[in-house]
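The values are calculated or read from the model by the stated rules, or taken from the named source; none is laboratory data. As the structure is a computational prediction, the values presented were derived from the model and not from experiment. Here the Cβ is made from the backbone with ideal geometry for all residues, glycine too, and neighbour counts use every protein chain on show.
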């Protein structure tokens, strides 16, 4: 008897070491992109819900323990009769009685220790560890371990899995671990140590197809619900962060012209007071400055309205056969002042020999104006700007070679076209863009590292993508720091 007890204890120790390694692996996964504010919220939420769960668990466990102890003490004869009827051995009732006392004393003690521990520095530092102890005290893992020494196998209670998932809907990996422990103990440990019957009855009757489906169904639903809740909260934090960035950028950009206008007006009023006259003489340059500030404010407001209209209604196109060169020439005329001021070396390789495209000229003008305007806005003086276009045939293996500038190697981009397209590029040899920023450059409210010093709300490239996508084309960027940038987009050719 003693040797059998020792062998069971040794096996439990080995199994626990193996499970500890698996828990360590699951609770410390590879780092993933989660915002710091979300991680702080999740940690605080876990602490608060864990505190509530510990009090609820202690209350209901104490209530269940009182009833169970009453039954095994005052209804002991009925308990013996039940074991004799269903398991063919009335002596098991004595083991069950002793196991009941041990189980509830152990569980209540663990919950009290957790309640005390969550107030300590260790508990504040490792809430995930407290969660696993709390979950294992309620999901019958402690009962399974204790009942092992009384030769009574216990099946996991799937209702507890759902209850814990509803109460603490974060950290789905911890839920998965807390569910896997009692299931593994019942499905693996019991058969390995030979504890598969209670008296004359086979406990594997509990492992019917229906029982296995129930366990799999409850575990998948509870874990999936926790996972989806976490994804929803992450999206909420991302949206809040984008909104904060938008408010910061708009307030910063609107504040500058307003302060400038107020400064000019105050100076003029002070001048009037000193000269004791109601007439004010305003220089043309002052009016130009005030007008520029007003135009900048209107531009920001129009950007917000355009972003909202694009989200709600989408891009409305009026497509017709058109040449690309006149649109490009129109954009260059409008940006001529900026090109000259920044001494841009323009290389315009777009000619009238290009085939017609089926597109909305006004919307294509917006795309080109935004892309070229970004080159002027984000780069120093004296850079080279290349505009080019080529026909992309409808062959999936077609490779389009993009030249960044003469000093860099050529970059190949594989573009798949289902129909013939016109492949257009806006290329510069300026400061370039970091790879991590390129991945989210076409997202709404996305701005560069110098955005705080420049007007705009980060919607330009997002709207460009919406326009090109509405045409049935694609848009992208290839860039790296100090190696310039190549923005490219495709437009459908006019069918002949």
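Brief remarks follow.
- Close pairs from segment 429-442: first on the phi > 0 side of the Ramachandran plot and in the same structural domain as residue 481 (by TED's automatic domain parsing), partner assigned to a loop (DSSP other than H, G, I, E, B) and surrounded by 16 or more Cβ atoms within 10 Å (Cβ to Cβ), Cβ under 9 Å, at least 6 apart: 432/404; 432/483; 432/484
- Enumeration of residues in segment 119-128 that are surrounded by fewer than 19 Cβ atoms within 10 Å (Cβ to Cβ) and either touching a residue at least 24 places away in the same chain (Cβ under 8 Å) or closer than 12 Å to residue 143 by Cα (or both): 124, 128
- From 241, 211, residue being over 26 Å from residue 39 (Cβ atoms) and at pLDDT 70 or above: 211
- Residue check, residue 97 under 27 Å from residue 184 (Cα atoms), at pLDDT below 85 and in the same structural domain as residue 165 (by TED's automatic domain parsing): no
- Qualifying residue in segment 81-96 (condition: outside any helix (DSSP H, G or I) and surrounded by 15 or more Cβ atoms within 10 Å (Cβ to Cβ)): yes
- Of all the listed residues (103, 116), the sole one being surrounded by fewer than 15 Cβ atoms within 10 Å (Cβ to Cβ), modelled with pLDDT of 90 or more and over 17 Å from residue 178 (Cβ atoms) is 116.
- Filtered residue count, segment 65-80, keeping only those that are surrounded by 15 or more Cβ atoms within 10 Å (Cβ to Cβ) and under 30 Å from residue 47 (Cβ atoms): 1
- Filter result for the condition that a residue is in a helix (DSSP H, G or I) and closer than 17 Å to residue 487 by Cβ, over 340, 328, 347: 328
- Residue satisfying condition, being buried (at least 21 other Cβ atoms within 10 Å of the Cβ) and either at pLDDT 90 or above or in contact with a helix residue (DSSP H, G or I) (Cβ under 6 Å, 6 or more places away or on another chain) (or both), within set 484, 460: 460
- Every residue from segment 115-141 that is closer than 13 Å to residue 48 by Cα and touching a helix residue (DSSP H, G or I) at 6+ places or on another chain (Cβ under 8 Å): 115, 118, 123, 124, 127, 128, 130, 131
- Flag if residue 134 is surrounded by 13 or more Cβ atoms within 10 Å (Cβ to Cβ), assigned to a helix (DSSP H, G or I) and touching a residue at least 60 places away in the same chain (Cβ under 8 Å): yes
- Assessment of segment 151-158 against the conditions (assigned to a helix (DSSP H, G or I), modelled with pLDDT under 95, assigned by TED's automatic domain parsing to the domain that holds residue 69 and crowded, with 18+ Cβ neighbours inside 10 Å) yields at least one matching residue.
- Within segment 99-126, tally of residues that are in a helix (DSSP H, G or I) and under 18 Å from residue 58 (Cα atoms): 19
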